[in-house]
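**Student:** Structure in structure tokens, see below.
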Amino acid sequence: MIRQRLLQDKVLCIFCDNEVGTRTKPEHILLDALGGRMTTKWADCNHCNQSFGGTIDKVLPEQLRMLRNMFQMKSGSGQPPPGLSKILASTGTITLDSRGRPKRVGGKPFTITPLGNERYDVSFSVDSMEEFRKYVAHAAAAIGVTEDHFWAKIEGQYASFQNEYPGTLHTRIQCGGEEVVRSMVKSSLVLLATRVGTMPLKDAAFAQARDFVVKGSEDFLQCFTTVDARDFPESAYQYLLENHGPMFNLIYVRSDDYGRTLAYYHAFNIASWQMVLAEKGGPRNIEIGLASDPLNPARWDGDLAAKVSLDFDWLNAPDGSRLNDVSLARVSTVLKLHQDVSRERTIHNVLNDVLGHYYDEGDMIEMDEKGRAAIIEISQKLVAALMQIPTKEKFLLRRSKQPGAE
Ligand SMILES: [Zn+2]
């Protein structure tokens, strides 16, 4: 009797019969890379979690890499945004580091031109003083002098930084494919498990959905998943924008009186998928939603359905016929948003840079000579940065790093 009870109390993985529980690795319901913070230990086992992590879960974040970099999106667990390599810009091929700063590909960090009589012209192409200091050692070695000797020659002289902009970036944003939808069905099942446990999801009603996640199936993709291009019901949309930002993510699961169980997955407010998790026979009249703001992962809500309800009939009637028009409009909105966001970021960076030169943390900023000089420098730099005018800035070469001096 007791043994029977214990067996019943075991919680098994949705996708295999391994036990899950307090010692299971937490599964991110919305992928960590997309800013997901809600996790559960009570849905899939370490083995399945790891196997999805290395396969189907990698594809969508990869497809959205450009956007994650453009908007400087950190992961749910705080990992920096991804860098990008081999981006075609109007100035040539560049990479973007995780802070979105462009760097030309293939350029040498320094070039040395012998002038005769053991004199050399050395020209550096670097992005920061930090990087410059690093390459001084390499340049010294290339000429055959010590680093000390090299610094002795250049310290106290003026040099200039030339600021360039990459111009227009050529890129494509595309998302979808079977692996992406498998990962979305998995996320939806895991979300549902947080409400009903794993047992009902191991039932035959969900067999096709489970198999699709684990093995993939062209039939399931065709028959039970649809790319949706309809607008959201207005009040739900307004709520999501206000509470989870202009690029919100949403996973929503709802079932009816017959246990027909539908999932809706909306990614970065660009693309939506509707998926039939069970045609009938699942847990009845369940409604659960998870929404998040990838621009601010702390703004997530795993109890969304208590605030916003998506009608079952609406969820049951996806329509992809306007897909091209709708995708184009949504991507344009996102690109416009990016212009605004990067303008704000530019202003923030210029202010920080210039004020950091003039003042220490906590200093009062007054309209004395120093204050006026700072204001003038801020306005000049803002104009240059916002209009992307290449600029040259003179500075003194110093070997030691001084706080606030760069
Ligand atoms: Zn498992």
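The values are calculated or read from the model by the stated rules, or taken from the named source; none is laboratory data. Just so you know, these numbers come straight off a predicted model, no measurement behind them. Every residue, glycine as well, gets a Cβ built from its backbone with ideal geometry; the counts of neighbours run over all protein chains shown.
**Student:** So if I check each of Ser85, Ser98, which one is assigned to a strand (DSSP E or B), surrounded by fewer than 18 Cβ atoms within 10 Å (Cβ to Cβ) and away from the ligand (no atom under 16 Å from the Cβ)?
**Tutor:** None of the others qualify; the one that does is Ser85.
**Student:** Is region 15-36 home to any residue that is among the small types (Gly, Ala, Ser), in contact with a Gly (Cβ under 7 Å, 6 or more places away or on another chain) and not assigned by TED's automatic domain parsing to the domain that holds Glu179?
**Tutor:** The answer is no; no qualifying residue exists.
**Student:** Could you grab the pairs with beta carbons closer than 7 Å, sequence gap of 6+ or different chains, first residue in region 17-37 and polar (S, T, N, Q), second one part of a loop (DSSP other than H, G, I, E, B) and away from the ligand (no atom under 16 Å from the Cβ)?
**Tutor:** The qualifying pairs do not exist here.
**Student:** Scan region 42-91 residue by residue and report those that are at pLDDT 95 or above and of a type in the set (Phe, Trp, Tyr).
**Tutor:** Trp42, Phe52, listed by residue number.
**Student:** Moving to a separate point now. Which residues, counting only those in region 42-64, are part of a loop (DSSP other than H, G, I, E, B), closer than 19 Å to Gln79 by Cα and within 16 Å of the ligand (Cβ to nearest atom)?
**Tutor:** Gly54
**Student:** Count, please, the residues in region 13-41 that happen to be of a type in the set (Ser, Thr, Tyr) and within 12 Å of the ligand (Cβ to nearest atom).
**Tutor:** 1
**Student:** Does region 1-10 include one or more residues that are in a helix (DSSP H, G or I) and within 16 Å of the ligand (Cβ to nearest atom)?
**Tutor:** No, every residue in region 1-10 fails to be in a helix (DSSP H, G or I) and within 16 Å of the ligand (Cβ to nearest atom).
**Student:** Sort out which residues of region 1-22 are loosely packed, with under 10 Cβ neighbours inside 10 Å and modelled with pLDDT under 95, and write them in order of number.
**Tutor:** Met1, Ile2, Arg3, Gln4, Arg5, Leu6, Leu7, Gln8, Asp9, Thr22 - these are the residues of region 1-22 that are loosely packed, with under 10 Cβ neighbours inside 10 Å and modelled with pLDDT under 95.
**Student:** Would you confirm whether or not region 44-57 contains a residue that is assigned by TED's automatic domain parsing to the domain that holds Gln208, under 15 Å from the mean Cα position of the chain (by Cα) and buried (at least 19 other Cβ atoms within 10 Å of the Cβ)?
**Tutor:** Yes, region 44-57 contains a residue that is assigned by TED's automatic domain parsing to the domain that holds Gln208, under 15 Å from the mean Cα position of the chain (by Cα) and buried (at least 19 other Cβ atoms within 10 Å of the Cβ).
**Student:** Still on this structure, please answer the following. Does at least one position in region 364-371 carry a residue that is among the charged types (D, E, K, R), within 30 Å of Ser272 (Cα to Cα) and loosely packed, with under 14 Cβ neighbours inside 10 Å?
**Tutor:** no
**Student:** Let me ask something additional. Assess whether Asp121 counts as being free of Cβ contacts under 8 Å to residues at least 24 places away in the same chain and in contact with a strand residue (DSSP E or B) (Cβ under 7 Å, 6 or more places away or on another chain).
**Tutor:** Here the answer is yes, as Asp121 does meet what is asked.
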